[in-house]
Amino acid sequence: MQASSRLPLPAWIDKKVLGILLVFVLVGAFTALASDRFLTEGNLENLLRRSALFGVLSLGAAWVIVTGGIDLSIGSLVCLSACLLPWLVVEHGFAPPLAVGIVFAVALVIGLLHGVLVARLGLQPFLVTLCGLLLYRGLARVIVDDRTVGFGTGSSGLRSFATSSSDVLGFEVPTPFFILVTLAVLTAIVWRRTVFGRWLFALGRNETAARFSGVPTKRIIVASYVVCALLAALGGMLFVLDVNAAQPTDFGNFYELYAIAGAVLGGCALRGGEGSVLGLVIGAALMQVLRNTIRLVDALPNQAEYAILGVVILAGVLLDESVRRMTKARKRG
């Protein structure tokens, strides 16, 4: 039998990743041709920073999606974390490291609560996190009394984690990008090189089969919600450090949708059991490039931002489902 002349793709790249990368390149090329502001250094640096911040959220969402779950409370947890950090540091004089630790501790408790309610009590992830979406924003509004909070002109050292950048080959690369790369590499190692990662994907493919195979499914579900909450808290702190102000009524609105959309566009199937770290990073970046395109290209009305993003997300989901059915049909044939 004659061997195929095609070179096999690396294990960490699949056709979905190549597909989303192609879309990313095409959208970027279109925007560059349609607007002379797209390739300016300031716009690219800001785009890289925003992509990194939302990439952290998509990474957290992916941990839950891989198990077959969902977390709709990410945006509200971003809001709660973003309000808590300056409230603790500026208004109550907490040392920045202690304040960051408190925010992470709150996120840890929230993640444990989600995981226990879903894994131990058998509640639907959609309902649990939908309640969280309302609860955590409400808590943020009560804690800061609906006031806008920020760092003012202080805490420059703490704010540098989100606002600073490093020169790489003549281009200023923002610090959040390095944070995202570090988290993405760690996630890829856990997903692809550890027993826990194999259990995580086995759980997503078939929870019953995984449980009968000795996989501690409940502990893995709890752990996935904890990781998601911690990354949402990290994202919230980075966002407020970047913009230096948080209003609890609207800060983080729709961020959970951007996080989930980035993960899904990047190859994380909502049914669970599938996910690519590289793909979701590209997917999160694509969402920000699309937003940038809508704002820079005069032919596209800014009011249609959510409509255009909705169409793109729906197209990505339909494409994923089509590929799944084609693959299943080939295996049967």
Item to complete: Could you figure out which of (1) in contact with a helix residue (DSSP H, G or I) (Cβ under 7 Å, 6 or more places away or on another chain); (2) in contact (Cβ under 8 Å) with a residue 24 or more places away in the chain isn't true of Leu39?
Response: (2)
Discussion item. Restricting to region 203-226, name every residue that is in contact (Cβ under 8 Å) with a residue 40 or more places away in the chain, of a type in the set (S, T, N, Q) and more than 16 Å from Ala269 (Cα to Cα).
Written reply: Thr217
Worksheet, complete the sentence: Note on region 150-181: residues over 19 Å from Cys83 (Cα atoms), in contact with a helix residue (DSSP H, G or I) (Cβ under 9 Å, 6 or more places away or on another chain), of a type outside the set (Gly, Ala, Ser) and not in a helix (DSSP H, G or I) are Phe171, Glu172, Val173, Pro174
Item to complete: Could you check how many residues of region 132-149 are buried (at least 18 other Cβ atoms within 10 Å of the Cβ) and either more than 26 Å from the chain's Cα centre (by Cα) or in a loop (DSSP other than H, G, I, E, B) (or both)?
Response: 1
Discussion item. Return the pair list, or none, for Cβ contacts closer than 8 Å from residues in region 186-197 that are in contact (Cβ under 8 Å) with a residue 24 or more places away in the chain to residues that are in a helix (DSSP H, G or I) and of a type in the set (Asp, Glu), at least 6 apart or on different chains.
Written reply: none
Discussion item. Here's a check for you: in region 88-112, which residue that is assigned to a helix (DSSP H, G or I) and without any contact (Cβ under 8 Å) to a residue 12 or more places away in the chain is nearest to Trp63 (Cα to Cα)?
Written reply: Val109
Worksheet item: Limited to region 65-81, what total is found for residues that are surrounded by 22 or more Cβ atoms within 10 Å (Cβ to Cβ) and over 15 Å from Leu133 (Cβ atoms)?
Response: 3
Worksheet entry | Members of region 200-219 that are in contact with a helix residue (DSSP H, G or I) (Cβ under 7 Å, 6 or more places away or on another chain) and either assigned to a helix (DSSP H, G or I) or under 27 Å from Phe254 (Cβ atoms) (or both) | Leu200, Phe201, Ala202, Leu203, Gly204, Glu207, Ala210, Arg211, Thr217, Lys218
Item to complete: Considering every residue within region 88-96, establish whether at least one is under 19 Å from Tyr225 (Cα atoms) and either of a type outside the set (A, V, I, L, M) or at pLDDT 95 or above (or both).
Response: no
Worksheet entry | Where Val181 falls short, out of the listed (1) within 24 Å of the chain's Cα centre (by Cα); (2) touching a residue at least 24 places away in the same chain (Cβ under 8 Å) | (2)
Item to complete: Identify, by number, the condition in (1) modelled with pLDDT of 90 or more; (2) closer than 23 Å to Met287 by Cα; (3) surrounded by fewer than 16 Cβ atoms within 10 Å (Cβ to Cβ) that Leu241 doesn't meet.
Response: (3)
Discussion item. Can you tell me which residue is farthest from the chain's Cα centre (by Cα) among those in region 1-47 that are at pLDDT below 55 and closer than 19 Å to Ile282 by Cβ?
Written reply: Leu9
Discussion item. Quick check on my filter: what residues within region 27-85 are of a type in the set (S, T, N, Q) and either over 30 Å from Phe151 (Cα atoms) or in contact with a strand residue (DSSP E or B) (Cβ under 6 Å, 6 or more places away or on another chain) (or both)?
Written reply: Thr31, Ser35, Thr67
Practice prompt. Kindly list the number of the only condition in (1) within 17 Å of Asp71 (Cα to Cα); (2) outside any helix (DSSP H, G or I); (3) β-branched (Val, Ile, Thr) that fails for Val222.
Written response: (2)
Fill in: Residues that are farther than 28 Å from Thr187 by Cα, among the small types (Gly, Ala, Ser) and either in contact with a Cys (Cβ under 8 Å, 6 or more places away or on another chain) or not in a loop (DSSP other than H, G, I, E, B) (or both), drawn from region 269-304
Ala304
Discussion item. Can you tell me which of (1) outside any helix (DSSP H, G or I); (2) surrounded by fewer than 20 Cβ atoms within 10 Å (Cβ to Cβ); (3) touching a helix residue (DSSP H, G or I) at 6+ places or on another chain (Cβ under 6 Å) is the one Phe251 doesn't meet?
Written reply: (2)
Worksheet, complete the sentence: Of the residues in region 257-279, those that are under 16 Å from Leu314 (Cα atoms) and either buried (at least 24 other Cβ atoms within 10 Å of the Cβ) or under 13 Å from the mean Cα position of the chain (by Cα) (or both) come to Leu257, Tyr258, Ala259, Ile260, Ala261, Gly262, Ala263, Val264, Leu265, Gly266, Gly267, Cys268
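The values are calculated or read from the model by the stated rules, or taken from the named source; none is laboratory data. Here the structure is a predicted model, which means the values were calculated and not measured. Heads up, the Cβs are rebuilt from the backbone with ideal geometry, glycines too, and the neighbour counts pull from every protein chain shown.
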